[in-house]
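Here the structure is laid out as structure tokens; the discussion comes afterwards.
The values are calculated or read from the model by the stated rules, or taken from the named source; none is laboratory data. All figures in this text were calculated on a predicted structure; none of them were measured in a lab. Here the Cβ is made from the backbone with ideal geometry for all residues, glycine too, and neighbour counts use every protein chain on show.
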Amino acid sequence: MELAQYIDHTLLKPDSNHNDIARLCREARQYGFAAVCVNPCDVKLASELLADCGVGVCSVIDFPLGKSTPAVVAFEAKEAIGNGATELDFVLNTGAMKAAAAQGADSRQYKALEQEWEALNTMVHSHGKSIVTKLIIECCYLKDEEKVLACRMAKAAGFDFVKTSTGFGPGGATTADVKLMRETVGATMGVKAAGGIRTREDALEMIAAGATRIGCSRGVEIVRHGAS
């Protein structure tokens, strides 16, 4: 297993600067990570530094709360694509998801989420570029039945991945959540485990549970540990 190819090398700290992003991109090139995951303001620099090397550039969208309006989310996504993003990690509006789960498929909230997600994926894929979309579900706030519903809706709306967390909430990735997500979405959809993954053992456990991508800020340590 080439573990580096599973890893989104991540830097989302509020105090990060251009030197930090440059280092992140150098490391991504050196180790062959799947992508770097950065804030929207850093997408343009990262895309320039990683041009033509095969490492993707992932931007978080509506991060970390998922509480912007659909128009703002769509604008942020368009701008990220224009700046060179090849992957977009959208944050779920957790309150809206919980309301949709409580009220059922015929409710206004359920239909609003359904329409918003379908419209986002249609917009993203209308740019003529191959853009990977992921929905961050922030599992620590949801009951299992709500996680299952979110995964089913994400798959139906056309997302390529579901993701466990932002890493900014009170809980991160768990093997139980990854297993549940994998069982729900089946074999063809991606599952990204993120939040609190610090060691090679953590990463391997998530992959064994069904993750096809790992989001973490310690990718270099994880890969070096495996090479030692």
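Yes/no matrix, rows are residues, columns are (1) at pLDDT below 95; (2) among the aromatic types (Phe, Trp, Tyr); (3) loosely packed, with under 13 Cβ neighbours inside 10 Å:
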| site | (1), (2), (3) |
| --- | --- |
| Lys98 | no, no, no |
| Ala105 | yes, no, yes |
| Tyr110 | no, yes, no |
| Glu138 | no, no, no |
| Leu142 | no, no, no |
| Glu145 | no, no, yes |
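Inclusion of Phe161 among residues that are surrounded by fewer than 18 Cβ atoms within 10 Å (Cβ to Cβ), closer than 22 Å to Leu12 by Cα and under 15 Å from the mean Cα position of the chain (by Cα) is not warranted.
Per-residue answers, yes or no, for (1) small (Gly, Ala, Ser); (2) under 24 Å from Ser68 (Cβ atoms); (3) within 13 Å of the chain's Cα centre (by Cα); (4) assigned to a helix (DSSP H, G or I):
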position	(1), (2), (3), (4)
Gly171	yes, yes, no, no
Asp177	no, no, no, yes
Ala187	yes, no, no, no
Ala193	yes, no, yes, no
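Among residues of region 104-133 that are in contact (Cβ under 8 Å) with a residue 60 or more places away in the chain, those with a Cβ under 9 angstrom from a residue that is of a type in the set (A, V, I, L, M, F, W, C) and surrounded by 14 or more Cβ atoms within 10 Å (Cβ to Cβ), sequence gap 6+ or separate chain, pair up as Val132/Ala35; Val132/Cys58; Val132/Leu88; Val132/Phe161. The condition (being outside any helix (DSSP H, G or I) and out of contact with any Phe, Trp or Tyr (no Cβ under 9 Å at 6 or more places or on another chain)) is satisfied by just one residue among Lys78, Lys111, Lys44, Lys13: Lys13. Look at region 7-30: where a residue is over 14 Å from Gly219 (Cβ atoms) and of a type in the set (S, T, N, Q) and a partner is modelled with pLDDT of 95 or more and not in a loop (DSSP other than H, G, I, E, B), sitting 6+ places away or on another chain with Cβ atoms under 9 Å, you get Ser16/Leu24; Ser16/Val38; Ser16/Asp42.
Would you check if Arg182 is modelled with pLDDT of 95 or more, out of contact with any Phe, Trp or Tyr (no Cβ under 7 Å at 6 or more places or on another chain), in a helix (DSSP H, G or I) and among the basic types (Lys, Arg)? Yes: the conditions hold for Arg182. Can you name every residue in region 47-75 that is among the hydrophobic types (A, V, I, L, M, F, W, C), assigned to a strand (DSSP E or B) and touching a residue at least 40 places away in the same chain (Cβ under 8 Å)? Cys58, Val60, listed by residue number.
Of all the residues that make up region 115-134, how many are closer than 17 Å to Asp62 by Cβ and in a helix (DSSP H, G or I)? Number of matching residues: 9.
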